[in-house]
Amino acid sequence: MAHAIVSSLLDQLKSIAQDQVKEKWRLVTGVEQEVGKLTTNLQAIQAVLEDAEQRQMKQDKAVTFWLDQLRDASYDMEDVLEEWITETRKLQLDEGGDDDDDDNDNAFVTLLTKVCSFFPSTSNCFGSFKQLSLRHDIAVKIREINKTLDDITSQKDRFKFAENVSNNVKKPERVRTTSLVDEGEICGRIDEKNELLSKLLGESSEQQKGLRIISLFGLGGIGKTTLAQLAFNNEGVKRKFDIVIWVCVSDAFEEIRIAKAILEVLDKSASSLGEFQSLMQQTQESIRGKKFFLVLDDVWDGDFKKWDPFFSCLKNGHHESKILITTRDRSVALQMGSIDIISVKELGEEECWSLFKQVAFLGRSFEDCEKLEPIGRKIACKCKGLPLAAKVIGNLLRSKRTVSEWQRILDSEMWKVEEIGKGLLPPLLLSYNDLPSSSMVKRCFSYCSVFPKDYNIRKEELITLWMAQCYLNSEEDEEMEIIGEEYFNILATRSFFQEFVKDYDDNVMSCKMHDIVHDFAQLVSREECLWVEINSRKESVINSFGEKVRHLGLNFEGGASFPMSTPEFNRLRTLLIYDLSPYSPSLNGSILVELFSKVACLRALVIRQWFIPLDDQNFIREIPENIGKLIHLKYLNLSELCIERLPETLCELYNLQKLAVRWCTNLRELPAGIGKLMNMRSLMNGQTEKLKYLPIGISRLTSLRTLEKFVVGGGVDGGSTCRLESLKNLQLLRECRVEGLSNVSHVHEAERLQLYNKKNLLLLHLEFGRVVDGEGEEGRRKNEKDKQLLEALQPPLNVEELWILFYGGNIFPKWLTLLTNLRELKLFSCVNCEHLPPLGKLLLEKLTLYNLISVKRVGDEFLGIEESSVDDTSSSSSVIAFPKLKSLKIEDLDELEEWNYRVTRKENISIVPRLSSLEIDCCPKLNVLPDHLLQTTTLQELSIRGCPILEERYRGEDYHMISHIPHTKL
């Protein structure tokens, strides 16, 4: 990890040197030499870091101490260099000038800039020589750091490190992956699986006293959780039990969390209860007489006194209920009263080889497999029958093509390293050390230990946090977000992540880390990352969390007070605060004032609070002015807070890349000076109903890639709020949701925007505002205005997702059929349109039609296939309508009566050949669905609701038309 830190610093120094030449600045006398020394020292250290990190893993305490010193000095360097860069950005911003600056002010700035030109860091306010002093302080800090680095450099010689062999080799390209590898099928475990299912599905007599508790025990990474998941998802088990409940217990026994997890399945309305006794009472009532199957996964504490309250209330369930626990300790199973204990052993040699081969040999030719099998079997033996080890090392070797590469892994000394997890450390180390050393992937991996075990890690936020720590520095203008996706995929393919949750398009939304992998991430992070659970009984835990911690997560429960006395806040770079006690919050505005005075080095700040809208509760209602002091901040997440506004001082955070205020339902305005945040890449301001306008400064945020909510006009002072043209300069936009198009005064605004020229735009939502029936005079005016406006808002041809909402026109624009890259289209409350656009030739994968109340029939025109093209089709070819459509949802088409295609009588025509999901909701007049839709062999899900004629038809006379569809809801 130190290798990545040093590489990053060298990149920063190189960038600053280039800026110095380009901008014709010079340094304070002597500092130029100091910067040169920094670079030389770092290059000398970088040359030996691979060997140093290898020796650290072999428990060499002297080397570990040396690396810790280097890490601390490196962080101090990063802070100083960022101060330098920030001051430069302030100068560039001021040189741009504000519209209301007068000539005298500009003259004074010019004069003072010349006076201060000795150093490239300058301030956006030259009204005081205090700024001159600040720049001198930065110069002094560089000299002090160099003294420390001199000592570290001189110390390295006594270790006699070997220089990196690859130091002068051309930097390898980053591993590029196209998709994530699915979890391999389970190898072996037939006996354990059958034994477990037999115990679960077997009958229990009414005379049997107490709860039936079954246990799986074995080493970490042996596959206990996988076996439990197999049982949990077994169809026979689901049929047998009324309720199935999964609770991950983990090593910290948290009675309230466990109780809530159980009760959420039984009675969601009671999950807000905060007292343990109340939770137990409600559980006892909710479970009464029900046959349940409860899995308690990863139990470490078997103290029966702690579990007795749970078991007492669970006895109210049906006598055939079962509880399954997984644990690494047989004594825990016995303490909890388990009679049926299944020991999960290591895989047999052939089973382990089979799993290893399944992963490592994927996609290889028969000849390659034959050549690599002898050495592969020896490597599989070193995995000692542990499935996780076999998968980790198998994924590592998937990218190794030659026998010599496999031999190097077999001969590695990492197999001799002192074990954690009974043999898992060597495979993890080998896979970790093989990560690209030229990139920051190792730091990205170790950073994941800031989250607790079994945490559901959201990919989007993880990549944002990586970005805030400068782990995703781009090369050759490559987007940082894309690099983040790439790094995530690299770690996923090495089995560092698991339990992926995907969206409809098979994109990973979230994942988890195996407990052993989490332990390993903590090991390599060198105690930099910490997650702390705090409640009123455990406040003392965080009195001091250690000076090594740089990334901290705090989860408050039970109204615990915030640990403001902790001295190490000033070293933090990440602070994640989850204050989720609904009736007794731990955090408020006054605490934030004090906190912000202590966390000057933060790069990422996330504050989550479970807001209950009660006036007498002490929630965070405003963000303190001193947030402007957090000059290093790159990511600020205030989502779901009950704030109404943000302070103007927030606009002093020149390094801010992402601001999230999603679901801040009371938020009414953004700071007027937001245009100063020139490095902003993402403004996540969706679901903010009271935010009716945006400040005009949004037009200056030319680095924006994502703008979740852009509101046209609507402010009290029209001159200080955004018009549609404010989007014109935002050429890098990839996602944009536009609201308030009804406020556009003239169609020329849309024409001047030239939306079709935004070549990076992939997601676009266009919301027109209140829909007016087209019959009256007002309706006719809106109809015509909206029609012209939408015609002028033609998106670029490469757009992939388009929503059109509350459109008042009566026809859709012709450009809609030209969007050949469009994957998702939603037409929402376009109430005056009588006909659907001809969409059949597009490569749509998802189509939603909602509240199109003027549409009475759907016919051939919807397919976009003309009669002549069908007639001219030769016998050897066919015409396909909606060739890639997978999901079709039609809702609230109140007047839709007929849905039929004449062209289906022709030969060689195919309609929706890939459809897998069809939803028809609230179409009361629709009497029949086209036969070809229901006969599509790929259709897996059919849902018909609020359509009485259809429901009666397909429950009765035409049931045979839908009986082959696996999942139906009528």
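Quick notes on this structure:
- Of the candidates Glu275, Glu285, the single residue that is acidic (Asp, Glu), within 36 Å of the chain's Cα centre (by Cα) and more than 24 Å from Lys199 (Cβ to Cβ) is Glu275.
- Residue within the range 577-586 that is open to solvent by less than 10 Å² (accessible area, probe 1.4 Å), at pLDDT 85 or above and aliphatic (A, V, I, L, M) present: yes
- Looking at Asp298, Asp308, just one residue is under 30 Å from Ser584 (Cβ atoms) and either open to solvent by 40 Å² or more (accessible area, probe 1.4 Å) or free of Cβ contacts under 8 Å to residues at least 24 places away in the same chain (or both), and that residue is Asp308.
- Scanning the range 726-759 for residues that are charged (D, E, K, R), open to solvent by less than 60 Å² (accessible area, probe 1.4 Å) and either assigned to a loop (DSSP other than H, G, I, E, B) or closer than 18 Å to Gly675 by Cβ (or both) yields one hit, Lys758.
- Applying a threshold of 6 Å to beta carbon distances and a minimum spacing of six or more residues, or different chains, the list of pairs starting in the range 263-278 at a residue that is surrounded by fewer than 16 Cβ atoms within 10 Å (Cβ to Cβ) and ending at one that is at pLDDT 70 or above and of a type in the set (D, E, K, R) reads Phe276/Glu255.
- The residue that is least open to solvent (accessible area, probe 1.4 Å), among those in the range 827-853 that are outside any strand (DSSP E or B) and under 17 Å from Tyr504 (Cβ atoms), is Leu844.
- Pairs where the first residue, in the range 568-595, is touching a residue at least 12 places away in the same chain (Cβ under 8 Å) and under 27 Å from Met77 (Cα atoms) and the second is assigned to a strand (DSSP E or B) and open to solvent by 10 Å² or more (accessible area, probe 1.4 Å), C-beta under 7 Å, 6+ apart: Ile577/Arg608
- The set of residues from the range 664-681 being outside any loop (DSSP other than H, G, I, E, B) and open to solvent by less than 10 Å² (accessible area, probe 1.4 Å) comprises Ile674, Gly675.
- The single condition among (1) among the aliphatic types (A, V, I, L, M); (2) touching a Phe, Trp or Tyr at 6+ places or on another chain (Cβ under 9 Å); (3) closer than 26 Å to Pro426 by Cβ that Ala47 does not satisfy is (3).
- In the range 439-487, the residues that are modelled with pLDDT under 95, aliphatic (A, V, I, L, M) and under 27 Å from Glu50 (Cβ atoms): Met440, Val441, Leu472, Met480, Ile483
- The test for being modelled with pLDDT under 95 and open to solvent by less than 20 Å² (accessible area, probe 1.4 Å) does not hold for Ile890.
- In the range 212-229, the residues that are farther than 14 Å from Leu294 by Cα form Cβ pairs under 6 Å with partners that are open to solvent by 40 Å² or more (accessible area, probe 1.4 Å), at six or more places apart or across chains, as follows: Phe217/Arg330; Leu219/Lys422; Gly220/Arg328.
- Residue list for the range 890-932, filter: among the aliphatic types (A, V, I, L, M), without any contact (Cβ under 8 Å) to a residue 40 or more places away in the chain and under 14 Å from Leu863 (Cα atoms): Val912
- Those residues of the range 452-491 which are hydrophobic (A, V, I, L, M, F, W, C), over 13 Å from the mean Cα position of the chain (by Cα) and closer than 22 Å to Thr225 by Cβ, in sequence order: Leu491
- Only one of the numbered conditions (1) open to solvent by 50 Å² or more (accessible area, probe 1.4 Å); (2) part of a strand (DSSP E or B) is not met by Ile944, and that is (1).
- Qualifying residue in the range 697-707 (condition: open to solvent by 40 Å² or more (accessible area, probe 1.4 Å), on the phi < 0 side of the Ramachandran plot and outside any loop (DSSP other than H, G, I, E, B)): yes
- Checking Val165, Val175 one by one, the residue that is exposed (fewer than 11 other Cβ atoms within 10 Å of the Cβ), more than 30 Å from Lys224 (Cα to Cα), modelled with pLDDT under 65 and not charged (D, E, K, R) is Val165 and no other.
The values are calculated or read from the model by the stated rules, or taken from the named source; none is laboratory data. Owing to the predicted nature of the structure, the values given are computational and were not obtained by experimental measurement. When we count neighbours, we look across all protein chains shown, and the Cβ atoms used for this are built from the backbone with ideal geometry, even at glycine. The accessibility values were calculated without ligands, DNA or RNA, using every heavy atom of the protein model including side chains. Shrake-Rupley method; radii C 1.70, N 1.55, O 1.52, S 1.80 Å.
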